[in-house]
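Take a look at the structure below.
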Ligand code: 2AM
Ligand code: CA
Ligand code: CA
Ligand code: CA
């Protein structure tokens, strides 16, 4: 089986395992703060995928949010970057609006991305250079938009701190409207399918964006950090993903004027995974 097909197969299996266990009691623990949750299903899903990949491809490398590949510092060989449940808070509170996200890279080059909206049974996928799909349907290339006619996805929590408000509130004011979905992977999928025109966030880890970058770029989205720099798959970063014209408008008119403040934020936060 081709690697791309295998990726989708194990993600479907992991997703149906989550759906089957949805009514069982969850074991919920906190991570970095009281609102940063992890459940037994996050860990079980990562383990299930890890075991399946290792059985089929023992030479591959796997980085996962719940602990796989902590020691990996190179993108040499075939590297899987996995978020077993992206949107854990949604998973716990809503039992929907969460996704499994996978990006695969070969010697540092983008190979394929998969984002699976588990409860809607919707698979977003792309093999780099071969188009992006929502289930079996090809996703159309993105159309340019202007901020004043765009819906942007941004977590409102970023606007509650003064130094962030200075940077972001003008973007929200100018946009047609703003949304917050609680799953970074689904935000990438929504930009790729034109449901929102941009997704802007200040701190994601590689497992949050690895699959999404490949899918979004495949339909012509521009994906960078908020300083207009390319992303490194081994490090946390800020994110701005949008159609080409909107990316340019937001960067040059709203972010570049704050480049000194943004530079400070990036220096402090993003030198590790
Ligand atoms: P997660 O559910 O896999 O942890 C929610 O706004 C989005 O941000 C989700 O994609 C979530 O991924 C991610 N996220 C949640 N807590 C985070 C944290 N403490 N640091 C960085 N990203 C986080
Ligand atoms: Ca998490
Ligand atoms: Ca995540
Ligand atoms: Ca996660």
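Since every read-out is calculated from the coordinates, none of them should be taken as a lab result. Not measured: the values here are computed from a predicted model. Neighbour counts run over all protein chains shown; Cβ positions are idealised from the backbone, glycine included.
Structure data summary
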{"item": "Residue among 219, 92, 104 with the largest mean-square fluctuation in a Gaussian network model of the chain, springs linking Cα atoms under 10 Å", "result": "92"}
{"item": "For region 132-188, diffusion coefficient by Stokes-Einstein and Kirkwood Rh (Cα), 20 °C, 1.002 mPa s, µm²/s", "result": "162"}
{"item": "Share, in percent, of DSSP beta bridges within region 104-150 that are antiparallel, nearest 5", "result": "100"}
{"item": "Radius of gyration and Dmax over the Cα atoms of region 155-273, both given in Å", "result": "13.1, 36"}
{"item": "Expected 222 nm ellipticity per residue - DSSP helices of 4 or more, -39500 (n - 2.57), all of the chain, to 500", "result": "-11000 deg cm²/dmol"}
{"item": "With 5 Å bins from 0: P(r) over region 6-60, alpha-carbon pairs, percent", "result": "4, 17, 23, 20, 16, 12, 7, 1"}
{"item": "Cα→Cβ-extended label distance, 7 Å offset, between residue 161 and residue 32, nm", "result": "1.0"}
{"item": "Spatial extent of region 34-91: Rg and Dmax, with the Cα atoms as the point set, Å", "result": "12.3, 38"}
{"item": "Antiparallel bridge percentage (DSSP; both residues within the chain; nearest 5)", "result": "80"}
{"item": "Region 7-48, relative contact order [Cα under 8 Å, separation at least 6], %", "result": "34"}
{"item": "Calculated Rg and Dmax of region 72-182 using C-alpha coordinates, Å", "result": "17.3, 45"}
{"item": "Antiparallel DSSP beta bridges within region 125-255, as percent of all bridges there, nearest 5", "result": "70"}
{"item": "Shape of region 108-152, Cα gyration tensor, a/c cut at 1.5", "result": "oblate"}
{"item": "For the chain: Kirkwood Rh in Å [reciprocal of mean 1/r, alpha carbons]", "result": "18.8"}
{"item": "Rg ratio (alpha-carbon, reference 2.2 N^0.38 Å) - region 158-212", "result": "1.20"}
{"item": "For region 42-128, projected area of the alpha-carbon convex hull averaged over all directions, nm²", "result": "5.7"}
{"item": "Region 90-130 - Rg over Rh from alpha carbon coordinates, Kirkwood radius", "result": "1.13"}
